[in-house]
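To keep things clear, I will list the structure first and then write my remarks on it.
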Amino acid sequence: MLDNIRPRSYAKNGLRMLAVAGAYFAAAKVGLAQELVGGQVTPLWPPTGIALACLLLMGIRVWPGITLGAFLVNLTLGPSLLAVAAISAGNTLAPVCAYLLLRRARFCIELDRLRDALALVFLGALTAMLISSTVGSGVLLLAGALRSGDFWPTWSVWWTGDAMGVLVVTPILLVLRTSRAPWDARLSRWGEAVALAVGTLLITVMATVSSINLLFLVFPFLIWAALRFQLAGAAGCALIVSTVAIVAAAQGSGPFAEHGLFLNMVTLQAFNGAASLTALLLAAIIAERNQAHDRLEHICARLTEVADRVDRERRAAQRLPPEPEVRHKGG
């Protein structure tokens, strides 16, 4: 019997790895549409967010799928087979280290605690992604595909892309795991959701095409999303805001028009990090508040039941007649 179970388990794990590799490869093609350096460095790298989400949902055993997907993507970009292998190793180590750091911090994939949002931002995105950006940029420099003067601009774009992949893509995938479409919601609720999405898109586009720096205008929409729709709304609006801002930075429009690549990436990382941090932290705080409210209601209900039972037992022990029912006259 064990001999039959093991091949099935191996086949299941193999299919999972192939699925992870396929998702990584497909997401990489989307990310490369906004490449800024050397045809392979982009300010939004969705595969990293997908890789971390897969590790959180399926465990460390799927890491070969991440390596395979990264290798296939980088194989089409070069510059050499050895460099491709080294870059793929860095692309694997970053999400794996992010996963281990989050496990160490007792991260909960529901993202319904303040500590989970902080861990995802500072450990999963900003810290762990230093590995892939440093390894990738260093390999390109050693391989002669990058000039020494372009190292830090390339490093900044690489780090921004991987960090944004975690901040933007991972929460969406974690939300989709448990979310269900509220088909029974009121029409006004659907209208509010549509108005929020459209308003977030329009205000972000306006802020990123204007010569005046109006990026701060998106924060009321992120707050609205977190307050009214919690993590699902916060993650969705953060995705809209970050994607539009990344496209604007790649095209050098609006507030990104008169600066160099390195300064644009610093500005973009600061803005997207602040936007994601605001949305995720506020959504986590609202979720914690709702959980505390539910626990208090449950405790009050239990206390009421206990008080009623104690009162009944006391009356039964004293053989007292039940209290007469008080009726209130109308008017």
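Here are the numbers for the structure shown:
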read-out	value
Asp3 vs. criteria among the charged types (D, E, K, R), modelled with pLDDT under 95, surrounded by fewer than 24 Cβ atoms within 10 Å (Cβ to Cβ) and not in a helix (DSSP H, G or I)	no
Residue in the stretch 230-243 that is more than 11 Å from Thr200 (Cα to Cα), more than 14 Å from the chain's Cα centre (by Cα) and either among the basic types (Lys, Arg) or not assigned by TED's automatic domain parsing to the domain that holds Pro43 (or both) present	no
Verdict on His298 being surrounded by fewer than 22 Cβ atoms within 10 Å (Cβ to Cβ), of a type outside the set (Val, Ile, Thr) and either in contact with a His (Cβ under 6 Å, 6 or more places away or on another chain) or not in a helix (DSSP H, G or I) (or both)	no
Hits in the stretch 245-255 (condition: buried (at least 22 other Cβ atoms within 10 Å of the Cβ) and under 16 Å from Gly161 (Cβ atoms))	Ala245, Ile246, Ala248, Ala249
Leading residue by the ranking (nearest to the chain's Cα centre (by Cα)) among those in the stretch 47-62 that are more than 15 Å from Ile172 (Cα to Cα) and in a helix (DSSP H, G or I)	Met58
Test result for Val135, under 21 Å from Val169 (Cβ atoms), at pLDDT 90 or above and touching a Gly at 6+ places or on another chain (Cβ under 6 Å)	yes
Restricting the stretch 192-220 to residues that are among the hydroxyl-bearing types (Ser, Thr, Tyr) and surrounded by 16 or more Cβ atoms within 10 Å (Cβ to Cβ), the residue that is modelled with the lowest pLDDT	Thr208
Boolean, Ala245 is under 26 Å from Trp155 (Cβ atoms), modelled with pLDDT of 85 or more and touching a Phe, Trp or Tyr at 6+ places or on another chain (Cβ under 7 Å)	yes
Subset of the stretch 257-273 [without any contact (Cβ under 8 Å) to a residue 24 or more places away in the chain and part of a helix (DSSP H, G or I)]	Leu263, Asn264, Thr267, Ala270
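The values are calculated or read from the model by the stated rules, or taken from the named source; none is laboratory data. As the structure is a prediction and not an experimental result, all values here were calculated from the model. Every residue, glycine among them, receives a Cβ derived from its backbone with ideal geometry; neighbour counts consider all protein chains shown.
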